[in-house]
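First comes the structure, then the notes that go with it.
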Amino acid sequence: MRTPLTLRLLKVMPRTGWIALAVFAAITLLLMPALHLFVPHDSPLYVSNYAITLGGKLMCYAIVAVAMDLIWGYTGILSLGHGLFFALGGYAFGMYLMREIGTDGSYHAALPDFMVFLDWKELPWYWLGTDSFIWSLLLVLAVPALVAYVFGYFAFRSRIKGVYFSIITQALTFAAMLLFFRNETGFGGNNGFTDFKRILGFDITSPEMRATLFALSALVLMLALVLSRYLVSAKFGRVLTAIRDAESRVMFMGYNPLHYKLFVWTLSAMLCAVAGALYVPQVGIINPSEMSPANSIEIAIWVAVGGRGTLIGPVIGAAIVNLSKSYFTVAFPEYWLFFLGALFVIVTLWLPHGVIGLWQRIAQKRAA
């Protein structure tokens, strides 16, 4: 006989979903880090620095794709500015990483190297406290959440939707990119933040830290999937899909779409920010190019390729597109954008429900 806890878990996700999640956890939290840390480098089972870093990056992108699916796939709001929240999370944690360099920089000064180069005499007020790991984590969550909440409140209250909302979000991220490119803003200008040394006193390039960041990325991805699944499978999620399909009817029934859209929009921004904070120490750099509108458009492509409104589809889409990008930008660098454009056209014309939709059609034909 099933216990109430088992029933509640099965309401969130079917048994097969929990099994798949357990397998993924065993691979990413135990197997991959163990093969990276304890297997000799000349062994065919060894997981290299490149592979562990690439895997961590892909999972950060997958978190962003899940966040995008919440707002686009389930609520029907296409954002072309989610790259901004990803970058803000990266910059917030990057400030801590820059402070952790200490006097080990090129100029052996207490200030970050770019500030010494620009003849800054002291830290700006918004850098105060960023030498604290806990304070930096709070900034990772609070700054993107505040930006998203304020922007979302005025946009949703004014009932801006559709292509107009998409254009405004794209303009927002483009304006932020131009702002961060300026040296006087105190964020490194064009070069951004780089040359990180430590996290909590531990070498950021050590195999142990790489494995830890990889495992943390996997853990956050799993938590994001479970949280998102919980939300969309509850009454809250049914209201979101109702807003997506017929917002005027939802208002007629007595619901205020503003509160629902504002909550899921802010939550989506915070998930992107956490992904950005995990991404930066793994790739070793954050600069304003992460805010480029092209990056935000690419996030939408991940979701469309995988299948929006499915949660797991965007994860698959992010993996497909970024693994293809890793291959094509090395093997055929001049053709990558053509491949990306062709992929989006194919999905739009022949795979409107993405890879997940194609898989479901094949499964239905086999069952018939």
Along the positive direction of the dipole of the range 4-367 (beta-carbon charges: Lys, Arg +1; Asp, Glu -1; about the Cα centre), which of GLY201, ALA109, LEU340 reaches farthest?
LEU340
Helix-only mean residue ellipticity at 222 nm for the chain, each DSSP H run of n ≥ 4 adding -39500 (n - 2.57), per residue, nearest 500:
-23000 deg cm²/dmol
Tell me the trypsin sites (Lys or Arg not before Pro) within the range 1-109 that lie in a loop according to DSSP and have at most 12 other beta-carbon atoms within 10 Å.
ARG2
Using a 7 Å offset from Cα along Cα-Cβ at LEU21, what residues in the range 234-252 end up with backbone N under 14 Å from the label point?
234
FRET efficiency for PHE263 and LEU138 from the Cβ-Cβ distance with R0 = 22 Å, rounded to 0.05, comes out at 0.65
In the structure displayed, which of LYS11/LYS57; LYS121/LYS197; LYS11/LYS261; LYS57/LYS197 lie more than 25 Å apart, Cα to Cα?
LYS11/LYS57
Only Cα pairs under 8 Å and at least 6 apart count here; give the relative contact order of the range 275-355 as a rounded whole percent.
31 percent
Two pseudo-spin positions, 7 Å from Cα along C-beta at GLU184 and at ARG249, lie apart in nanometres by 5.4 nm
Roughly how tilted is helix 207-233, in degrees to the nearest 10 and between 0 and 90, from the longest Cα axis of the chain?
30 degrees
Taking 8 Å as the Cα distance limit and 6 or more residues as the minimum spacing, I'd like the relative contact order of the range 4-367 as a percentage.
31 percent
Between SER48 and ALA34, what length in nm is gained on full extension when 0.36 nm per residue of separation is reduced by their alpha carbon distance?
3.9 nm
Helix 257-283 vs. the chain, principal-axis angle (Cα, 0 to 90°, nearest 10):
40 degrees
Estimated distance in nm for a label pair at TYR126 and ARG238, the labels positioned 7 Å out from Cα along Cα-to-Cβ
4.3 nm
Estimated inter-spin distance, TYR230 and ARG159, nm [label 7 Å along Cα→Cβ]:
3.4 nm
Where the only charges are on Cβ atoms (+1 Lys, Arg; -1 Asp, Glu), what is the dipole of the chain about its Cα centre, to the nearest 20 debye?
2020 debye
The range 109-251, relative contact order in percent, only Cα pairs under 8 angstrom and at least six apart counted
11 percent
Any chance you could check the Cα centroid distance between the range 17-31 and the range 224-286 for me, in angstrom?
25 Å
Which of the peptides 166-179, 264-277 is most tightly packed, and how do the rest follow, going by the mean number of other Cβ atoms within 10 Å of each residue?
264-277, 166-179
Could you estimate the translational diffusion coefficient of the chain from the Stokes-Einstein equation, with Rh from the Kirkwood formula over C-alpha pairs, at 10 °C and 1.306 mPa s, in whole µm²/s?
73 µm²/s
Protection proxy ranking of 344-352, 316-324 - average other beta-carbon atoms within 10 Å, highest first:
316-324, 344-352
If one takes the longest principal axis of the Cα atoms in the chain, at what angle in degrees, from 0 to 90 and to the nearest 10, does the Cα axis of helix 336-350 lie?
20 degrees
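Each value in this text was obtained by applying a stated rule to the coordinates, not by laboratory testing. Nothing here was measured: the structure is a model prediction, and the numbers come from that model. Methodologically, a virtual Cβ is constructed for each residue, glycine included, from the backbone with ideal geometry; neighbour enumeration extends over all protein chains shown.
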